[in-house]
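Have a look at the structure below, then the notes.
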Amino acid sequence: MERHVIHINVADFAVAVERAMDRRLRERPVVIAPDGVSRAVVYDMSEEAYQAGVRKGMALRRAVRLCPDVRILPPHPSRYEQVMQALVRQALPYSPLIEPGEADGHLFVDVTGTSRLFGPPVDVAWRLRRQAWTELSLAPGWAVAPNKLVAKVATRLVKPDGDAIVRAGDEARFLVPVPLHLVPGIEHRDLVRLGGFNLRRAGQVASLSRDALQAPFGRRAFHLFDVVRGIDRSPVRPVGHQPPRVVTAHTFEEDAHAVPVVEGALYGLVEKAGQVLRRQSLAAGRVMVTVDFSDGLRGARQRSLRPATANDMALFETARSVLHMAWRRRVRIRHLRLMCDRLTFPPAQRELFPSAADADRRQTCLVSALDRIRQRFGTDAIKVGRTLAA
Amino acid sequence: MPLTVVERWGVMMGMDVMPPLEPAGISRVRVGTSGYSYPEWVNAGFYPAGTRSGRMLPLYAQQFSAAELNYTWYQMPKAVAIDRMRRQVPPHFRFAVKLTRTMTHEVDRDQWRGQVARYRDGVAPLALAGQLAAVLLQLPASFERTRPRRHYLAALLEELAGLPLAVEFRHVSWATDRVFAELENRRVALVAVDAPALPYLFPPLEVVTSPDLFYVRFHGRNLAGWRSGNMQQQFDYAYGAAELQEWAETRIAAMAGRSRRGLVFFNNHVRAQAPANARQLMAMLAHQGLPEDASWSDTSSTST
């Protein structure tokens with residue numbers, strides 16, 4: 001069956017929400033940046049500020065120099081969350097398959113097979129857009145396409161408030177002239193690599209065979225081959241159904257910059273996540289670390305775990321390397337978040353070599369012993385030295 | 001001899017465009033549906049099982065000689081896509097293309113002229129090929145006849161001049177002789193509508209304001225559905241034979257006598273009622289000497 005996926009995209013979401021609440025902010029440059037921080041950076045900005053040269057992540061002082069009449073507002077994450085929920089509520093009558101972004105003004109609605117009830121998908125998209133305007137004073141861009149990937153590219157192309165319809169069968173043709181950086185699923189390192197071959201547009205990559213792509217990209221070639229043709233089989237998840245994952249977070253009482261302190265806090269998060277995983281007899285296939293710096297900027301990196309594990313020490317080893325990938329700036333950290341996903345049942349395959357197998361067994365025994373002690377005497381009954389620094 | 005619509009368009013564009021001659025025996029009234037790409041028409045049996053949306057237009061063109069493009073109301077037509085559609089149908093097939101909402105329902109005072117220019121570019125492949133039968137300006141029910149709106153409509157018609165235009169009013173306030181006279185003056189077709197009998201809706205009149213074109217739209221007479229705000233209920237209606245007969249024998253016959261070409265579209269698309277009613281009407285028109293050619297591959301057999 002042909003799929004019809006609507007993507008609603010509110011450009012500069014944080015600014016759009018603030019403007020919906022305060023009409024005086026319209027048609028003047030607005031920047032969202034943390035209040036009272038000496039080296040704050042721009043979290044989001046309006047189109048006017050963007051035209052003046054302001055960019056996300058730019059030092060606020062520089063932004064003010066570029067755009068002197070800019071109005072600076074502190075971020076209000078709860079407001080964005082609330083408006084996001086309102087957007088989801090508006091879409092609920094049309095489909096149970098609604099996948100919102102994380103308070104970023106993005107929303108996928110799968111309306112496949114609903115036309116007998118609600119009319120053509122394009123009409124539903126237009127209604128959602130109209131409702132967003134009349135009820136929330138937001139003017140989102142929208143697109144209707146056969147899958148999430150193409151729908152997302154389409155709204156990026158018609159930013160800030162345009163519309164696009166891509167019909168089934170037109171996906172590859174639609175993507176031909178699209179710059180690669182606008183195609184979701186093509187990561188920074190892919191872009192650098194493709195740029196090295198002077199490949200800048202999706203159509204140029206689509207003209208290459210799978211074999212040709214495989215030489216420089218290895219297994220990733222299969223992914224790239226599909227993405228540049230607009231092939232995306234990922235489902236729009238039902239409302240409230242996030243992919244299974246374990247998330248733990250820590251906010252430092254005082255913004256931290258000492259490596260042992262931050263690593264100690266990370267170990268604490270790993271222990272919590274590990275316990276949750278082990279209780280469910282699951283193992284994580286990937287860890288992601290997000291660091292929020294005191295100036296408002298955010299760093300996030302992730303890495304696969306092979307094999308999948310729920311062992312604190314193995315998890316920490318990878319999480320620590322991911323932390324240092326995300327923490328490349330000499331700026332204090334305010335908030336640390338660890339996410340474990342790609343959850344599977346622990347691999348049954350044992351280590352082949354006796355020394356590795358022995359280390360593996362000892363680690364498992366140690367973690368099990370810690371779990372037993374904590375179950376009996378409480379979480380704080382026994383601690384790893386590393387966490388005392390945090 | 002006065003120029004035809006396509007000739008005038010060609011002259012205006014500074015091109016030597018001659019309208020393609022229609023094969024002998026092809027009638028002047030074309031009947032079709034408002035939109036053709038409805039997945040539910042596969043379930044309803046109009047399209048064969050498993051038909052993908054990309055294959056619908058050629059199949060539709062095997063049964064009807066004209067289609068009204070509705071998606072252009074949502075999205076500005078793009079020349080590349082329109083040309084691709086044109087190449088999917090026989091050369092005798094005609095399109096009526098709805099004007100985009102940014103010029104009828106969501107008008108920006110500073111932008112609409114630019115939108116007209118974009119629209120002209122979008123439909124240019126059809127106009128050049130002589131397959132643009134009409135540009136449909138469907139105005140909303142909220143578009144009441146007021147001084148600023150009259151001025152806007154005049155400016156819009158001016159900006160679109162040269163294209164074969166048809167105006168559909170939804171608000172009853174436009175049903176006056178002065179409006180009809182002005183449309184006649186501009187050779188713009190007034191769309192005759194069949195819709196539920198609601199006091200604020202434009203009444204079903206068979207007024208012909210252009211010698212080049214008359215245009216009829218059947219929206220269905222689902223009174224409760226019309227007020228529901230749900231398109232599937234609004235256009236859920238099956239015309240009975242008597243209702244169609246009345247249109248065929250009196251109104252359409254009268255309009256056909258006053259205009260050289262006619263377009264009739266059914267908008268009651270729910271459960272493929274539109275193509276069923278369109279076929280019924282075609283048979284009725286053929287019976288009374290206004291045949292509609294369904295199969296262009298065999299035009300001789302349909303001339304009566």
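Residue count for segment B:227-252 under the criterion of being in contact with a Pro (Cβ under 8 Å, 6 or more places away or on another chain) and away from chain A (no Cβ under 14 Å): the result is 1. Residues in segment A:7-23 that are surrounded by 24 or more Cβ atoms within 10 Å (Cβ to Cβ) and either assigned to a loop (DSSP other than H, G, I, E, B) or within 19 Å of the chain's Cα centre (by Cα) (or both): A:HIS7, A:ILE8, A:ASN9, A:VAL10, A:ALA14. For B:ARG55, the conditions (1) crowded, with 19+ Cβ neighbours inside 10 Å; (2) within 10 Å of another protein chain (Cβ to nearest Cβ) all hold with the exception of (1). In segment B:249-266, how many residues are surrounded by fewer than 23 Cβ atoms within 10 Å (Cβ to Cβ), more than 17 Å from B:VAL207 (Cβ to Cβ) and under 17 Å from the mean Cα position of the chain (by Cα)? Within segment B:249-266, residues that are surrounded by fewer than 23 Cβ atoms within 10 Å (Cβ to Cβ), more than 17 Å from B:VAL207 (Cβ to Cβ) and under 17 Å from the mean Cα position of the chain (by Cα) number 0.
Among the residues making up segment A:206-249, a single one is modelled with pLDDT of 90 or more, surrounded by fewer than 14 Cβ atoms within 10 Å (Cβ to Cβ) and within 17 Å of the chain's Cα centre (by Cα): A:SER234. Identification of strands (runs of 3 or more DSSP E) wholly contained in segment A:265-344 with 3 or more residues that are in contact (Cβ under 8 Å) with a residue 60 or more places away in the chain, crowded, with 23+ Cβ neighbours inside 10 Å and in contact with a strand residue (DSSP E or B) (Cβ under 9 Å, 6 or more places away or on another chain) yields A:333-341. Taking segment A:106-135 as the range and being in a helix (DSSP H, G or I) and under 25 Å from the mean Cα position of the chain (by Cα) as the test, the residues that pass are A:ALA125, A:LEU128, A:ARG129, A:ALA132.
Quick check on B:ARG170: is it over 18 Å from the mean Cα position of the chain (by Cα) and among the charged types (D, E, K, R)? Considered against the rule, which asks whether it is over 18 Å from the mean Cα position of the chain (by Cα) and among the charged types (D, E, K, R), B:ARG170 comes out as no. When the residues of segment B:268-304 are filtered to those that are in contact with a helix residue (DSSP H, G or I) (Cβ under 7 Å, 6 or more places away or on another chain), under 15 Å from B:GLU243 (Cβ atoms) and crowded, with 22+ Cβ neighbours inside 10 Å, the one that is modelled with the lowest pLDDT is B:LEU285. Taking each residue of segment B:220-232 that is modelled with pLDDT under 85 and looking for partners that are among the charged types (D, E, K, R) and part of a helix (DSSP H, G or I) with beta-carbon atoms closer than 8 Å, six or more apart or interchain, yields B:MET231/A:ASP123.
Residue count for segment A:114-148 satisfying the condition of being more than 30 Å from A:GLU18 (Cβ to Cβ) and touching a Pro at 6+ places or on another chain (Cβ under 7 Å): 1.
When segment B:93-109 is filtered for residues that are surrounded by fewer than 19 Cβ atoms within 10 Å (Cβ to Cβ) and more than 13 Å from chain A (Cβ to nearest Cβ), the ones remaining, listed by number, are B:VAL107, B:ARG109.
Reported count of residues in segment A:143-165, each being touching a residue at least 60 places away in the same chain (Cβ under 8 Å) and more than 20 Å from the chain's Cα centre (by Cα), is 6. Considering A:GLY185, A:GLY113, the condition of being more than 10 Å from chain B (Cβ to nearest Cβ), out of contact with any strand residue (DSSP E or B) (no Cβ under 9 Å at 6 or more places or on another chain) and not polar (S, T, N, Q) is satisfied by A:GLY185 alone. Can you find even one residue in segment A:163-184 that is hydrophobic (A, V, I, L, M, F, W, C), over 30 Å from B:TRP73 (Cα atoms) and not in a loop (DSSP other than H, G, I, E, B)? The answer is yes; a qualifying residue exists. Scoring A:ALA215 on the criteria (1) under 21 Å from A:ARG189 (Cβ atoms); (2) assigned by TED's automatic domain parsing to the domain that holds A:ARG374 leaves a single failure, condition (2). Candidates A:GLY195, A:GLY203: the one that is surrounded by fewer than 13 Cβ atoms within 10 Å (Cβ to Cβ) and more than 26 Å from A:VAL287 (Cα to Cα) is A:GLY195. The residues listed here are A:VAL153, A:VAL192; of these, the one that is in a helix (DSSP H, G or I), modelled with pLDDT under 95 and among the β-branched types (Val, Ile, Thr) is A:VAL192. Please determine whether any residue of segment A:40-51 is within 29 Å of A:PRO29 (Cβ to Cβ) and within 14 Å of another protein chain (Cβ to nearest Cβ). No, that holds for no residue. State yes or no: is B:GLN234 among the polar types (S, T, N, Q) and buried (at least 19 other Cβ atoms within 10 Å of the Cβ)? Here the answer is yes, as B:GLN234 does meet what is asked.
The values are calculated or read from the model by the stated rules, or taken from the named source; none is laboratory data. Since we're looking at a predicted model, the values are computed, not measured. Cβ coordinates were reconstructed from backbone atoms using ideal geometry, including for glycine residues, and neighbour counts include every protein chain displayed.
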